[in-house]
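Colleague: I have a structure I would like to understand better, so I am pasting it below and will then ask my questions one at a time.
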Amino acid sequence: MSGFSRDWLALREPFDQAARAASDAALASWRPAGPPQVLDLGCGTGASLRALAPRLAGVQRWCLVDHDAALLATVPEILQAWAVDRRLTVEWTCRQADLATGLADLPFPQGGLVTASALLDLVSEDWLAELVAHCRAASAAVCWALSVDGRLAFTPHDPADAQVLGLFAAHQRRDKGFGAALGGEAPDRAETMLRAAGYRTLRTASDWHIDAARSAADRAMLQALLEGIATAALEQGAADASAVQAWHARRMAGLARTRLCVGHADLLGFL
Ligand SMILES: C[S@@+](CC[C@H](N)C(=O)[O-])C[C@H]1O[C@@H](n2cnc3c(N)ncnc32)[C@H](O)[C@@H]1O
């Protein structure tokens with residue numbers, strides 16, 4: 001969960017795809033004037049393309065942007081394997097760029113679509129406002145999936161959940177390269193800004209539902225999340241280290257009978 005390794009993105013992708021299915025289906029109602037042109041911000045290994053391309057008709061052109069050269073280098077192999085047996089015509093290019101400083105240089109597609117998944121909670125209020133302005137200027141629709149909304153609920157409960165999750169939430173607000181991060185406020189702020197810019201929005205919950213009793217994939221996901229939450233909480237509150245470590249040890253001991261819901265929201269915006 002720390003950083004955005006290929007392994008972490010692969011681990012979360014099935015949970016992401018299940019969580020975002022409703023908004024992906026809703027995007028099928030988008031009717032661009034010509035062949036769909038899509039700009040994907042913070043593409044990772046191309047998960048948004050894999051989620052959305054089957055929902056779009058016609059010859060699609062995607063521009064995938066990320067600053068991480070190692071992730072971008074995996075995209076051709078992963079997309080070629082994914083495209084086998086899929087009757088889709090998708091042209092795509094990758095572009096390495098720092099979104100924090102390079103937004104104005106990106107090819108916002110006129111009348112196209114601007115996508116991002118699991119990105120908005122990393123960015124600042126000012127950066128988001130700039131993104132909305134670029135999308136509006138290009139008359140582009142938006143599909144911003146999987147922004148955390150601050151809800152995190154474990155079953156069963158642990159007495160230290162509130163303490164540890166409070167530290168984790170504070171850590172999510174730290175600067176991730178874009179200024180103070182929006183964290184769990186991202187969906188509300190994005191929706192408000194889009195509406196103020198004249199967009200009609202559709203917001204859908206896209207929560208992860210992880211149940212360790214269900215599968216090995218759920219257990220691996222839960223273990224990664226416990227480690228990520230504990231690491232962030234330790235960074236945030238060194239004075240609480242013993243409480244956080246004890247929480248992590250109890251959570252690991254009880255992992256096999258634990259469920260976790262992580263709240264996310266998807267936002268579609270149309271002009
Ligand atoms: C949580 S991952 C999501 C990746 C992908 N969209 C997905 O859903 O699997 C966030 C992505 O944003 C990228 N990212 C973070 N900060 C960035 C920046 N300043 N410029 C460009 N990309 C950035 C990361 O490299 C990573 O690929």
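Colleague: Whole Å is fine, so just give me how far the alpha carbon centre of the range 112-150 lies from that of the range 7-58.
Modeller: So the two Cα centres are separated by 14 Å.
Colleague: Right, something else. So how do Val75, Val59, Val114 line up by other beta-carbon neighbours within 10 Å, fewest first?
Modeller: Ascending Cβ contact count within 10 Å gives the list Val59, Val75, Val114.
Colleague: Shifting gears a bit: Can you list the DSSP H helices in the chain whose Cα atoms extend at least 27 Å along the helix axis and whose mean Kyte-Doolittle hydropathy is -1.0 or higher?
Modeller: The answer, listed by residue number, is 216-236.
Colleague: Please list, in order, the residues from the range 94-114 whose amide nitrogen is less than 18 Å from a point placed 7 Å along the Cα→Cβ vector of Glu77.
Modeller: Once the point is set 7 Å along Cα→Cβ of Glu77, 94 turn out to lie under 18 Å by backbone N, inside the range 94-114.
Colleague: Multiply the residue separation of Ala246 and Thr155 by 0.36 nm, subtract the distance between their alpha-carbon atoms, and state the gained length in nm to one decimal.
Modeller: Length gained, Ala246 through Thr155: 31.0 nm.
Colleague: How compact is the range 97-254 by the rule of thumb for globular proteins, expressed as Cα Rg over 2.2 N^0.38 Å?
Modeller: 1.20
Colleague: Here is a follow-up. Sort Phe15, Phe270 so the one with the fewest other Cβ atoms within 10 Å of its own Cβ comes first.
Modeller: Placing the least packed residue first, the sequence is Phe270, Phe15.
Colleague: Over the chain, with a Gaussian network built from C-alpha contacts below 10 Å, which listed residue (Gly184, Gly228, Gly111) shows the highest mean-square fluctuation?
Modeller: The residue that fluctuates most here is Gly228.
Colleague: Would you give the gap between the C-alpha center of the range 232-256 and the C-alpha center of the range 151-230, rounded to a whole Å?
Modeller: Between the Cα centre of the range 232-256 and that of the range 151-230, the gap is 18 Å.
Colleague: Nearest 5 percent is fine: what portion of the DSSP beta bridges confined to the chain is antiparallel?
Modeller: Of all bridge pairs located within the chain, approximately 50 percent are antiparallel.
Colleague: How would you classify the range 73-163 from its alpha-carbon gyration tensor, with a ≥ b ≥ c the square roots of the eigenvalues: rounded for a/c under 1.5, else prolate if a/b is greater than b/c, otherwise oblate?
Modeller: Oblate shape, in that a/c is at least 1.5 and b/c is the bigger or equal ratio.
Colleague: Working from the alpha-carbon coordinates of the chain, get Rg over Rh, Rh being the Kirkwood radius.
Modeller: With Rg and the Kirkwood Rh in hand, the quotient comes to 0.97.
Colleague: Please label the shape of the range 195-271 as rounded, prolate or oblate, based on the square roots a ≥ b ≥ c of the eigenvalues of the alpha-carbon gyration tensor (a/c under 1.5 means rounded; beyond that, a/b larger than b/c means prolate, else oblate).
Modeller: The shape class here is oblate.
Where a number appears in this text, it was derived from the coordinates with a stated rule and is not lab data. It should be emphasised that the depicted structure is a prediction, and the values quoted were computed from it without experimental measurement. In this analysis, Cβ positions are derived from the backbone assuming ideal geometry, glycine residues included, and neighbour counts consider all displayed protein chains.
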